[in-house]
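Single-structure report; data block below.
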Amino acid sequence: MKWLSGKWLAIYAVVYIIFLYAPVILLPLFAFNTSTIIAFPLSGFTTEWFMGLWYTDTLHTALGNSMLVGLSTAFLSTLLGAFAARASARFAFPGKTGIVGLIMLPLVLPEIIIAVALLVMLNQLGMPLSLWTVVGGHVLICTPFAIAILSSAYRGLDRELEEASFDLGESRWGTFRRVTLPLVLPGVISSLLITFTISLDEFIIAFFLTGTDVTLPVYIWSQLRFPAKLPSVMALGTILLVVSVLLLIAAEALRRRSAARQGIDTTLAGV
Amino acid sequence: MPRCLQRGAPPSDRNATWQDRPIVALRFDREAGQGLWLISPTFIYVLVMLAAPLLMVITFSFWTQDYLTIDTSLTLNNYREAWGTPIYQVLMWRSLKISVIVTVVTVLLAFPIAYYLSFHVTRRKALWLFLITVPFWTSYLLRVFLWKVILGYNGVFNSALQGLGFIDEPLTFILYNLNAVVITLAHAWAPFAILPIFVALEKIDRSLLEAATDLGDSPTRRFFRVTLPLAMPGIVAATLIVLIPTVGDFITPRLVGGTDGLMISNMIQIQFGKANNAPLGAALAVSSMVVIGLISVGIFLVGKKLGGRVR
């Protein structure tokens, strides 16, 4: 059948990739453009918008808030993800499907539902909104991603390696420190990077659950209303894009290294 | 202390000790206990931060709010209003319609890419997958905003078409309406549709396809009788992963949807914000989740029926 032939599909794939990258490519174009109007034709090259970011104090506050939220979320969700991934990869226990299902639920639940539900509960309990309530929501949506990454790291971990360590007289902690941790560490770092990136970009939950302190996406949302601010938003977006992509490349490289290392180690153990 | 291995013990001895390792004798309930103990921190977190709030929002939707005071007597009034008022009916229908269109478009566009990656790309599959996921990691707000720039009256798309001489007047049917919402969301959810379908296609045993050809199936027949049914779990997963969150999006309708593109989530946000009627907002949220939940179950069952099995 013709339309499933490699040639047509390859052309389609290229068009599709262009569609996927269309907005992403425009971001740096307008960030370096002299005109304040976000439209073609481009008028000239400038780094003015990037320089302007250096002097915007509200932006720096938002960035600081986002770093705090992102780092806390990354740490907590990776920790919670590690427990759950370990439990589901290694043990059989009653109610496993239900429990794991509930933990993974935020993957398919619309963010507005999570945000609204948390907002209602916090209001009822009389708890004030702050950056920490945002962290609470972000941990919820990031944990499933951490579990997905860490599960594959644990699955590659040969059970016999740990048992061998026990047999050789290592304590539980010693085994964890000297056998388990080195093998899953790349997965853990990869999870930290991914969850940090998700938190850094998350808008809906942050929008509903933050008090007076804004995170970076909430700041961007407030800026989108002012046409004069748009070029600096483009510049900010460009920086965020570069940072996200670098973090992702690092996460991917670590994940692969982890897989390779486990492959090598398991073969050596089998000798 | 476990039966100790002497340093430099010959490999045969080592194997012998491994085979009667004590861990094999672990009783099931001890393992179950360990598993439950290990998953309990995450489970408790989800109970407190997800299950409890969801239950609370459901309870809340049966209460009423009068400016700042909450009346906790149970009533169905919010649901009567949510289901009976024309504006909410319109928004709900439109949300469902947009979500379904977005899902169909996204999955249809994603399938050939997943198929290409699985069946035609032999080297550097990981690089392709990485390329597909990169745009997803750029700020969602800015991606939506940039679609506005692309689709606008003086936007990139119109100026390109005018520059090439295809059109004289800018096209106006592509921004501030349903089309813009569909394009933007189909873009935003692309990787979520491609990945599950790709995984399902990768799992298909290639010898089954050879068998179909050997038994005289044409490529088209083979595709519809073997490949597509076996890819069905991936297609269903992709459909649900795109459909459910799309109903809850309120940024895209707000930025590119105009007045005709507003969805139920915009109304939920308004009820929790400006309109200050949180119980009604909760009723709208619960209603939309119930509706989308029922639709999801339907899709799942239909997919199961259409899906193929390898006996």
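The values are calculated or read from the model by the stated rules, or taken from the named source; none is laboratory data. Please read these numbers as outputs of a predicted model, since none were measured by experiment. Ideal geometry is used to build each Cβ from the backbone, glycine not excepted, and the neighbour counts take in all protein chains shown. Keep in mind that these areas ignore ligands, DNA and RNA; they rest on the heavy atoms of the full protein, side chains included. Shrake-Rupley method; radii C 1.70, N 1.55, O 1.52, S 1.80 Å.
If only one of A:80, A:29 is at pLDDT 90 or above, under 29 Å from the mean Cα position of the chain (by Cα) and among the hydrophobic types (A, V, I, L, M, F, W, C), which one is it?
On the way: A:29 fails: at pLDDT 90 or above.
The unique qualifying residue is A:80.
Considering region B:138-149 alone, what residues qualify as being crowded, with 21+ Cβ neighbours inside 10 Å, within 25 Å of the chain's Cα centre (by Cα) and at the interface with another protein chain (Cβ under 7 Å from one of its Cβ atoms)?
Our first condition is that a residue be crowded, with 21+ Cβ neighbours inside 10 Å; within region B:138-149, this holds for B:138-139, B:141-147, B:149.
Then drop every residue that is not within 25 Å of the chain's Cα centre (by Cα), which leaves B:138-139, B:141-147.
Selection gives B:138, B:139, B:141, B:142, B:143, B:145, B:146, B:147.
Output the residue which, of all residues in region A:103-112 that are part of a helix (DSSP H, G or I) and open to solvent by less than 40 Å² (accessible area, probe 1.4 Å), is nearest to residue B:270 (Cα to Cα).
My answer is A:112.
Out of everything in region B:150-160 that is open to solvent by less than 40 Å² (accessible area, probe 1.4 Å) and more than 8 Å from chain A (Cβ to nearest Cβ), what residue ends up being modelled with the highest pLDDT?
Among residues in region B:150-160 that are open to solvent by less than 40 Å² (accessible area, probe 1.4 Å) and more than 8 Å from chain A (Cβ to nearest Cβ), the one modelled with the highest pLDDT is B:151.
Just one of A:42, A:59 is away from every other protein chain (no Cβ under 13 Å), more than 29 Å from residue B:194 (Cα to Cα) and touching a helix residue (DSSP H, G or I) at 6+ places or on another chain (Cβ under 7 Å); which is it? Talk me through it step by step, then tell me what you get.
On the way: A:42 fails: away from every other protein chain (no Cβ under 13 Å).
The conditions single out A:59.
Conditions tested, residue by residue: (1) more than 24 Å from residue B:262 (Cβ to Cβ); (2) open to solvent by 50 Å² or more (accessible area, probe 1.4 Å).
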site	(1), (2)
B:175	no, no
B:190	no, no
B:208	yes, yes
B:231	yes, no
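What are the residues in region A:123-139 that are within 16 Å of residue A:72 (Cβ to Cβ), assigned to a helix (DSSP H, G or I) and of a type in the set (S, T, N, Q), if any?
Once the filter is applied, which keeps residues that are within 16 Å of residue A:72 (Cβ to Cβ), assigned to a helix (DSSP H, G or I) and of a type in the set (S, T, N, Q), region A:123-139 yields only A:133.
Looking at B:104, B:46, B:100 in this structure, which one is within 9 Å of chain A (Cβ to nearest Cβ) and not small (Gly, Ala, Ser)?
Exactly one of B:104, B:46, B:100 is within 9 Å of chain A (Cβ to nearest Cβ) and not small (Gly, Ala, Ser), namely B:46.
Out of B:251, B:270, B:264, B:292, I need the residue that is out of contact with any Phe, Trp or Tyr (no Cβ under 6 Å at 6 or more places or on another chain), closer than 30 Å to residue B:229 by Cα and surrounded by 13 or more Cβ atoms within 10 Å (Cβ to Cβ). Which one?
On inspection, the qualifying residue turns out to be B:292.
Of the residues that make up region B:97-105, is at least one over 15 Å from residue B:190 (Cα atoms), out of contact with any Ser or Thr (no Cβ under 7 Å at 6 or more places or on another chain) and surrounded by fewer than 17 Cβ atoms within 10 Å (Cβ to Cβ)? Explain how you work it out, then say what you get.
Taking region B:97-105 first, the residues over 15 Å from residue B:190 (Cα atoms) are B:97-98.
Adding the requirement that they be out of contact with any Ser or Thr (no Cβ under 7 Å at 6 or more places or on another chain) leaves B:97-98.
When the remaining residues are screened for being surrounded by fewer than 17 Cβ atoms within 10 Å (Cβ to Cβ), the result is B:97.
Yes, region B:97-105 contains at least one residue that is over 15 Å from residue B:190 (Cα atoms), out of contact with any Ser or Thr (no Cβ under 7 Å at 6 or more places or on another chain) and surrounded by fewer than 17 Cβ atoms within 10 Å (Cβ to Cβ).
Which residues, counting only those in region B:60-77, are within 13 Å of another protein chain (Cβ to nearest Cβ) and surrounded by 15 or more Cβ atoms within 10 Å (Cβ to Cβ)?
Those that are within 13 Å of another protein chain (Cβ to nearest Cβ) and surrounded by 15 or more Cβ atoms within 10 Å (Cβ to Cβ): B:60, B:61, B:62, B:63, B:65.
Can you give me the ranges of the helices (runs of 4 or more DSSP H) entirely in region B:213-311 with at least 2 residues that are within 12 Å of another protein chain (Cβ to nearest Cβ) and touching a Pro at 6+ places or on another chain (Cβ under 8 Å)?
Ranges flagged: B:228-247, B:264-272.
When only residues in region A:215-243 that are open to solvent by 10 Å² or more (accessible area, probe 1.4 Å) and at the interface with another protein chain (Cβ under 8 Å from one of its Cβ atoms) count, which is farthest from the chain's Cα centre (by Cα)?
Residue satisfying both the conditions and the ranking: A:224.
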